[in-house]
Amino acid sequence: MSTVAEELRQVTPAKLSIEHVSKWFREGVVQTHALDDVSLSVDEGEFVCLVGPSGCGKSTLLNMIAGLEFPDSGTVLTEGRKVTEPGRDRMVMFQESALFPWLNVIGNVLFGLKLKPGLKEKERLEVAMYYIQLVGLARYAKSNIHELSGGMRQRVALARSLAPNPRVLLMDEPFAALDAMTREQLYGDIQTIWEARKKTIVFVTHNVREAACLGDRVVLFSPHPGRIREEFKIELPRPRDINSASLANYASEITTALKAYRKTEEND
Amino acid sequence: MKRAFTALLFFAGLIGVWHLLAMSGRWSPVLFPAPMRVWEYLVSAVEDRTLFEALGVTTRRLMIGYLIGVVTGVPLGLITARFQWASDTIGVTGLGLQTLPSVCWVPPALLWFGQTETAMLFVVVMGTVWSVALATDNGVRNVPPMYVRAARTMGSRGMHTWIQVILPASLPFIVSGIKQGWAFAWRSLMAAEIYVTILTGFGLGQLLNFGRDLNAIDQVFGIMLVIVLVGLLADKILFSPWERFLHRRWGTVNA
Ligand SMILES: Nc1ncnc2c1ncn2[C@@H]1O[C@H](COP(=O)(O)OP(=O)(O)OP(=O)(O)O)[C@@H](O)[C@H]1O
Ligand SMILES: [Mg+2]
């Protein structure tokens, strides 16, 4: 088997376990209780969406899985191993694309591949092109980042995070800054890509419909301190259409729950 | 084509006006030479090779000093941005020294090194290094933390992050820093050359000063013209490529 085929082979998605995780942030005298005793497990190849109001610790949890931040108590495990640092098995797609403006599209996708040992330059290019094609940007491989639209940038960011062939994909509000039309198109694409490259995905969003459209499961958070309040299993066939009626039912159910928690908080 | 034509027309007009003013007889030709006289001086200076020699001497001093300044300034800025202790010591020193007009380095340089090439180099280096270091430091501090986090998730660590992420991410700042460093170096070198005669080689500044000693206004004007041209040329050769690269990759950057 050639190295490229080896590199592109399907890796098994990883299982995630978050066990009794708490996290505080201290800034001078101000202390924020970002997460309070959060436990969550995500199965191999599952697509989980985290929703909740601003400040409920969604990004913090994602960063802990990525190994960019660490819990004050509790543990985060991938495949039963404690997360101690970032690793290529868990790639992150950030809210703003965080693409490097000094590199062009293919340069950005190659960045992670160049850090992977055992690939020749030509093979890396081949792998990078595969992912750029997968996100539908073959014609733009040599383009500079500032020449792309917001939607195209997020596609590049997706290609960049898929390229090292991770087992887990962590996405932090990747479509928040895009217009509705572009987003709808990406919902379709991301489902197709997920079929092609099966990963365990943790996806953070403010958009309840988006969560219901993409997730196998939607996990609802509430803030101050950040806690998991409720989980919804979305049992709809894929690919899902964001505008379908059955999806709207799920969305309104989640929205009702979201509002209820906000009420109880106000009454506290 | 149209742009070149406009520019040509402008400069032709400028020389024309200059000529007319000189011909008007309002000022003595000893104080205000006609363009033809300046041209004649330049031709004679080219013919007897004094101009090329001076140009060579000056550019050599400038390039060597400038290169040393950039090559030490960039790492210095990286270090002060990375380590708090360096920022508190070297960083503060640099900030102080940068406010010092670089001509002020001429007297100590002469005392330490005498009327030598080393003194000239020292002045140029001092003019360059601090502004380059400060710009680099500033650039590094302005790198969005997001870039570093993204790089870390892709497996970048330590030196790799510094060279592949932080350095290129601060490039817009560094380029404007080395440009400012160039301006300081160029000005301080001219001041130094006018101020002292270095026997190992006569630079443009020295030719300018001789012009004054000889009361030769055509020489003074001619050398000033050459100094302006060198400045313009350096800008085109040294900085335009970087700025074009920044513009192409980053889009609009006001570096
Ligand atoms: N580095 C930090 N220093 C201090 N406080 C922080 C830091 N990161 C997060 N916080 C605080 O922790 C809490 C949770 O933040 P987090 O970013 O995880 O929320 P979020 O759910 O992602 O919010 P949003 O939906 O607005 O992105 C917030 O109150 C935030 O102010
Ligand atoms: Mg967030």
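The values are calculated or read from the model by the stated rules, or taken from the named source; none is laboratory data. Not measured: the values here are computed from a predicted model. Virtual Cβ from ideal backbone geometry, glycine too; neighbours counted across all protein chains shown. With ligands, DNA and RNA removed, areas are computed over all heavy atoms of the protein, side chains included. Shrake-Rupley method; radii C 1.70, N 1.55, O 1.52, S 1.80 Å.
Which of A:Gly55, A:Gly80, A:Gly150 moves most in a GNM of chain A, Cα contacts under 10 Å?
Answer for the Gaussian network model of chain A: A:Gly80.
Restricting to Cα atoms and excluding each atom paired with itself, what does the Kirkwood estimate give for chain A in Å?
Across chain A, the inverse of the average 1/r is 19.3 Å.
When the scattering of region B:68-179 is computed by the Debye formula from its Cα atoms alone, each counted once and equally, what is log10 I(q)/I(0) at q = 0.10, 0.13, 0.14, 0.18 Å⁻¹?
Treating every Cα as an identical point scatterer, log10 I(q)/I(0) equals -0.34, -0.54, -0.60, -0.87.
What's the extension gain from B:Arg187 to B:Arg248 if we count 0.36 nm per residue and subtract their Cα-Cα distance?
Stretched out fully, the B:Arg187 to B:Arg248 stretch lengthens by 18.9 nm.
Taking Cα pairs under 8 Å and at least six residues apart, what relative contact order does chain B come out at, in percent?
Computed over chain B, the figure is 24 percent.
Please list, in chain and number order, the residues 5+ apart from A:Trp24 or on another chain whose amide H is under 5 Å from its amide H, with Hs placed from the backbone.
Here A:Ala34, A:Asp72 satisfy the definition.
Can you pull out the trypsin sites (Lys or Arg not before Pro) in region A:80-136 whose DSSP state is coil and whose Cβ has at most 10 other Cβ atoms within 10 Å?
A:Lys120
So which residues in region A:62-89 end up with at least 50 square angstrom less accessible surface once the other protein chains are there, compared with the chain by itself, probe 1.4 angstrom?
Residues meeting the cut-off: A:Leu68, A:Pro86.
For A:Phe203, what residues show an amide H to amide H distance below 5 Å, using hydrogens built from the backbone and excluding near sequence neighbours?
So A:Phe203 has HN proximity to A:Val48, A:Cys49, A:Leu50, A:Met171.
What's the longest uninterrupted piece of chain B once you rule out the chymotrypsin sites (Phe, Trp or Tyr not before Pro) that are loop residues per DSSP with at most 13 other Cβ within 10 Å?
In short, B:84-255.
Defining a contact as two alpha carbons under 8 Å apart and six or more residues distant in sequence, what relative contact order in percent does region A:1-73 show?
31 percent
So what are the ³J(HN,Hα) numbers for region A:79-89, from phi and the Karplus equation (6.51, -1.76, 1.60; θ = phi - 60°), rounded to whole Hz, Gly and Pro as x?
Once rounded to whole Hz, the list reads 6, x, 9, 5, 7, 10, 6, x, x, 5, 6.
Can you find, among B:Gly96, B:Thr72, B:Ala185, the residue farthest towards the positive end of the dipole of region B:57-213? Put +1 on the C-beta of Lys and Arg, -1 on that of Asp and Glu.
Farthest along the dipole direction, towards plus: B:Thr72.
What is the Cα centroid distance between region B:14-80 and region A:26-97, reported in whole angstrom?
Answer, in whole Å: 62.
P(r) for region B:77-136: what percent of alpha-carbon pairs falls in each 5 Å bin, starting at zero?
Pairs per bin, as whole percents: 4, 20, 24, 18, 15, 12, 5, 1.
Dipole of region A:3-267 (Lys/Arg Cβ +1, Asp/Glu Cβ -1, origin at the Cα centre): which of A:Asn243, A:Leu35, A:Asn165 lies farthest to the positive side?
Checking the options against the dipole of region A:3-267, the answer is A:Asn165.
Explain nothing, just the number: relative contact order of chain A, from Cα pairs under 8 Å at least 6 residues apart, as a whole percent.
Value for chain A: 26 percent.
Relative to 2.2 N^0.38 Å, what does the C-alpha radius of gyration of region B:121-255 come to as a ratio? Two decimals please.
Here the answer is 1.42, to two decimals.
Under a cut-off of 30 Å between alpha-carbon atoms, report the lysines in cross-link reach of B:Lys236, not counting same-chain residues fewer than 8 places apart.
A:Lys142, B:Lys2, B:Lys179
Would you mind telling me the share, in percent, of accessible area of chain B contributed by carbon and sulfur at probe 1.4 angstrom?
The value for chain B is 71 percent carbon and sulfur by accessible area.
For region A:1-80, taking Cα atoms only, what is the radius of gyration to one decimal and the Dmax to the nearest whole Å?
Spelled out, the Cα radius of gyration and Dmax of region A:1-80 are 16.1, 59 Å.
Please work out the average accessible area per residue across region A:3-267, using the 1.4 Å probe convention, and give it in Å².
Ligands and nucleic acids excluded, the result is 43 Å² per residue.
Going through region A:8-101, which GluC sites (Glu not before Pro) have at most 16 other Cβ atoms within 10 Å and a DSSP loop state?
A:Glu44, A:Glu79, A:Glu96
Please work out the average accessible area per residue across region B:1-133, using the 1.4 Å probe convention, and give it in Å².
So region B:1-133 comes to 61 Å² accessible per residue, rounded to a whole number.
When the dipole is taken about the Cα centre of region A:105-164, and only Lys, Arg (+1) and Asp, Glu (-1) are charged at their Cβ, what size is it in debye, to the nearest 20?
Here region A:105-164 has a charge dipole of around 60 debye.
Please identify the trypsin sites (Lys or Arg not before Pro) of region B:146-255 that satisfy two criteria: DSSP loop assignment and at most 15 other Cβ atoms within 10 Å. Which are they?
B:Arg157
Please state, as a whole number in µm²/s, the translational diffusion coefficient that the Stokes-Einstein equation yields for the protein assembly as shown at 37 °C and 0.692 mPa s, with Rh defined as the Kirkwood radius across alpha carbon pairs.
This corresponds to a translational diffusion coefficient of 118 µm²/s.
What are the ³J(HN,Hα) values, in whole Hz, obtained from phi via the Karplus relation 6.51 cos²θ - 1.76 cosθ + 1.60 with θ = phi - 60°, for each residue of region A:209-214 in sequence order, with x given for Gly and Pro?
4, 4, 4, 5, 6, 9
Over region A:10-143, what portion of Cα pair distances is larger than 23 Å, expressed as a whole percent?
I get 47 percent for the Cα pairs in region A:10-143 exceeding 23 Å.
Looking at chain B as a GNM with Cα springs under 10 Å, which of B:Gly77, B:Gly114, B:Gly222 has the largest mean-square fluctuation?
Evaluated over chain B, the most mobile residue of the options is B:Gly114.
For chain B, what is Rg from Cα atoms divided by 2.2 N^0.38 Å, rounded to two decimals?
Against the empirical 2.2 N^0.38 Å value, I get 1.23 for chain B.
Gaussian network model of chain A, Cα springs within a sub-10 Å range: biggest mean-square fluctuation belongs to which of A:Ala98, A:Ala128, A:Ala251?
Maximum fluctuation in the GNM of chain A, among the listed residues, is at A:Ala98.
Toward the positive end of the charge dipole of region B:110-247, about the Cα centre and with charges on Cβ (Lys, Arg +1; Asp, Glu -1), which of B:Val123, B:Tyr195, B:Val226 goes farthest?
The residue sitting most towards the positive pole is B:Val123.
Treating only the Cβ of Lys, Arg, Asp and Glu as charged (+1, +1, -1, -1), what charge dipole size does the protein assembly as shown show about its Cα centre? Round to the nearest 20 debye.
Charge dipole, the protein assembly as shown, about its Cα centre: 760 debye, nearest 20.
To the nearest 100 Å², how much accessible surface do chains A and B cover up together, summed over both, with a 1.4 Å probe?
What A and B bury together is about 2200 Å².
Where in chain B are the DSSP H helices whose alpha-carbon span along the long axis reaches 30 Å or more and whose Kyte-Doolittle mean is at least 0.0?
B:2-23, B:50-82, B:117-141, B:171-195
Only counting protein heavy atoms at a 1.4 Å probe, give the residues of region B:149-185, ordered by number, whose accessible area falls by 50 Å² or more when the other protein chains are present relative to the chain alone.
In region B:149-185, residues shielded by partner chains: B:Arg149, B:Arg152, B:Thr153, B:Met154, B:Arg157.
So, with a 1.4 angstrom probe, what is the percent of accessible area on region A:3-267 that is carbon and sulfur?
Here carbon and sulfur together make up 50 percent of the probe-accessible area.
Between region B:170-213 and region A:137-202, what's the alpha-carbon centroid distance in Å?
Centre-to-centre distance over Cα atoms comes out at 52 Å.
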